[in-house]
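Enquirer: My questions all concern the structure below.
The values are calculated or read from the model by the stated rules, or taken from the named source; none is laboratory data. Computed from a predicted structure; not experimentally measured. Neighbour counts are summed over all protein chains in view; Cβ atoms, including those assigned to glycine, are modelled from backbone coordinates with ideal geometry.
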Amino acid sequence: MVDYLIIGSGIAGLSLALKAAGRGSVLIVTKDRLPESNSAYAQGGIASVWSAEDSFAAHMQDTLTAGLGSATPAWLRRWCGRGRTESSS
């Protein structure tokens, strides 16, 4: 018998598994191996334009499309504009 069933081995699933482990037994179910998750393939959270071939407009559209509505254009303009300056310091 298992106390907690966690479906998914991304950062959210593994974080929950760590918290749940203090309260009972945990079983993690994943689609492949534990390292195979979208969290493992994330780009480190730096959202910015880095080359002359790219543009903020193209980057924002890609991010809006990939995010399926989870971000607003205003939020992305603010966040993407910070990436280059903060990551170079």
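Enquirer: When you go through (1) surrounded by 11 or more Cβ atoms within 10 Å (Cβ to Cβ); (2) within 19 Å of the chain's Cα centre (by Cα); (3) of a type in the set (Val, Ile, Thr); (4) modelled with pLDDT of 80 or more one by one for residue 65, which number turns out not to apply?
Expert: (1)
Enquirer: Now a separate question. Give me the pairs, please: first residue somewhere in segment 58-85 and acidic (Asp, Glu), second residue anywhere and at pLDDT below 80 and not in a helix (DSSP H, G or I), beta-carbon distance under 6 Å, and either six or more positions apart or on two chains.
Expert: none
Enquirer: If I filter segment 1-34 down to residues being of a type in the set (Val, Ile, Thr) and part of a strand (DSSP E or B), which single residue comes out as surrounded by the most Cβ atoms within 10 Å (Cβ to Cβ)?
Expert: Residue satisfying both the conditions and the ranking: 6.
Enquirer: Scan segment 1-30 residue by residue and report those that are of a type outside the set (A, V, I, L, M) and out of contact with any Leu (no Cβ under 6 Å at 6 or more places or on another chain). Talk me through it step by step, then tell me what you get.
Expert: Initially, segment 1-30 is screened for residues of a type outside the set (A, V, I, L, M), giving 3-4, 8-10, 13, 15, 19, 22-25, 30.
Passing the criteria: 3, 4, 8, 10, 13, 15, 19, 22, 23, 24, 25, 30.
Enquirer: Residues to consider are 79, 50, 75; find the one that is surrounded by 10 or more Cβ atoms within 10 Å (Cβ to Cβ), aromatic (Phe, Trp, Tyr), modelled with pLDDT of 75 or more and over 30 Å from residue 2 (Cβ atoms).
Expert: Only one candidate qualifies: 75.
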